[in-house]
């Protein structure tokens, strides 16, 4: 009895001393801490949401937010994921961003879903937890077919993606083969449970592909007490929160995010959200093809309209918005910017300085197409390690070229439904009709051979000239004629007007005087 009392006193003194030492080390007294935190200090975390489509707008936000989080020096960065996925190239860069965080732990909390590229981002983190009723998986690379349907990309694309999943699983302790089953539907996975040794009945199962299991000898199979098919061939792996926990992906399921924080004794230093400029850039970026369409359509109207008009400004503004939304998130850089500005400058030179040559116009159009195509992706030359990038480059060029071609129909619609209803002062087309034209056909222009006028632009050899106050598209017989020169109509063929420079002006140009 005496020895028991002595031992109790000894252990009481020992507990008090160790508690005091711990409090002194953490800079707090036991009285100042809640009972639940008297032994375990709170873990500081910064929360970063990963929501919506995975694209370069999300990547730009995560780059900024991760750098800001690291400046606060938390113990853990928690990425709160809720996404159906998106662009594969963006997802790879986000994964590289997360794995580049070395001295700070990264954790992911799947708030609702981490599907496709979202699953890839989740596996990049050191630890995973999931909310109740959430799902993760199904990361097969897909694309849209020419018929408009969804098709799965082949082995050339799946192979590097599987390698990425395998690398992340091995790095963070997730089941490697199950991770790869999220990418490829053909492998199938069998879980084989080892026979109990002694009192150990909870040994982790071994995973085999369906083909590997079928090829095992009877002796090897006899070493397992049971087996089950976790993923059938032809199916992609998608896990619920409970399945992810049971199979070793998730550390647990939680009712909500606050419960997850309390369970891990996490103290949130700050939750970083997107800025309005980042949200605006992402929204505008989704409508980039529409702005490209409107921009090229407006520039074509400017090309067909004599003199300066509002269409040139509208075209430049629309193309600037399409390009700027990508430039803001880091898709485009100064090289693409210089190409776009050079293209607009050449197009303006074609319209206002040397109309009719078409050389500057075609070069300007080519520069703008290249700049806008490159602004839709994060690379200039495809990386051989990323086989889907070549397809992305081709698709983006086809999209940009298609929008430019479709823009030719905008002027036709504008002439029919918009321009006739503009106020007279804002009109950019002549109100003249063919009612007073002298000709047998309805297609003849209201001008006659022998009429004289003044060139509104230089003829190289085509351009514009004004007759009786009305501007017309005209062409010379091959010679170049300066703007402001007097010309005479030599021939009218349907809608074509052929002019020649008046002899008096021609003689004056040669220095001949009376």
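The values are calculated or read from the model by the stated rules, or taken from the named source; none is laboratory data. What you are looking at is a predicted structure, and each value in this text was computed from that prediction instead of being measured. Every residue, glycine among them, receives a Cβ derived from its backbone with ideal geometry; neighbour counts consider all protein chains shown.
Okay, residues lined up against (1) loosely packed, with under 15 Cβ neighbours inside 10 Å; (2) in contact with a strand residue (DSSP E or B) (Cβ under 7 Å, 6 or more places away or on another chain); (3) at pLDDT 75 or above:
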{"site": "435", "(1), (2), (3)": "yes, no, no"}
{"site": "438", "(1), (2), (3)": "yes, no, no"}
{"site": "441", "(1), (2), (3)": "yes, no, no"}
{"site": "445", "(1), (2), (3)": "no, yes, yes"}
{"site": "449", "(1), (2), (3)": "yes, yes, yes"}
{"site": "452", "(1), (2), (3)": "yes, yes, yes"}
{"site": "455", "(1), (2), (3)": "no, yes, yes"}
{"site": "466", "(1), (2), (3)": "no, yes, yes"}
{"site": "471", "(1), (2), (3)": "no, yes, yes"}
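Yes or no: residue 378 farther than 22 Å from residue 473 by Cβ, surrounded by fewer than 22 Cβ atoms within 10 Å (Cβ to Cβ) and modelled with pLDDT under 80? Taking the combined requirement at face value, the residue satisfies it.
All conditions but one from (1) in contact (Cβ under 8 Å) with a residue 12 or more places away in the chain; (2) over 30 Å from residue 466 (Cβ atoms); (3) in contact with a strand residue (DSSP E or B) (Cβ under 8 Å, 6 or more places away or on another chain) apply to residue 263; the one that does not is (1). For the stretch 107-127, the count of residues that are surrounded by fewer than 19 Cβ atoms within 10 Å (Cβ to Cβ) and not in a strand (DSSP E or B) is nonzero. For the residues 203, 181, the requirement of being surrounded by 14 or more Cβ atoms within 10 Å (Cβ to Cβ) and out of contact with any helix residue (DSSP H, G or I) (no Cβ under 8 Å at 6 or more places or on another chain) singles out 181. Filtering the stretch 284-296 to residues that are over 13 Å from residue 327 (Cα atoms) and at pLDDT below 85 leaves only 286.
I'm checking my understanding of the structure. Among residues of the stretch 141-165 that are buried (at least 16 other Cβ atoms within 10 Å of the Cβ) and under 25 Å from residue 206 (Cβ atoms), which one is modelled with the lowest pLDDT? Within the stretch 141-165, the match that is modelled with the lowest pLDDT is 158.
The single condition from (1) surrounded by fewer than 21 Cβ atoms within 10 Å (Cβ to Cβ); (2) at pLDDT 85 or above; (3) under 19 Å from residue 483 (Cβ atoms) that residue 308 fails is (2).
Taking the criterion of being within 30 Å of residue 76 (Cβ to Cβ), surrounded by 18 or more Cβ atoms within 10 Å (Cβ to Cβ) and in the same structural domain as residue 407 (by TED's automatic domain parsing), would at least one residue in the stretch 329-342 satisfy it? Checked against the condition, which is being within 30 Å of residue 76 (Cβ to Cβ), surrounded by 18 or more Cβ atoms within 10 Å (Cβ to Cβ) and in the same structural domain as residue 407 (by TED's automatic domain parsing), the stretch 329-342 yields at least one hit. Listed here are the helices (runs of 4 or more DSSP H) enclosed by the stretch 1-101 that have at least 2 residues being modelled with pLDDT under 85 and loosely packed, with under 10 Cβ neighbours inside 10 Å: 2-26.
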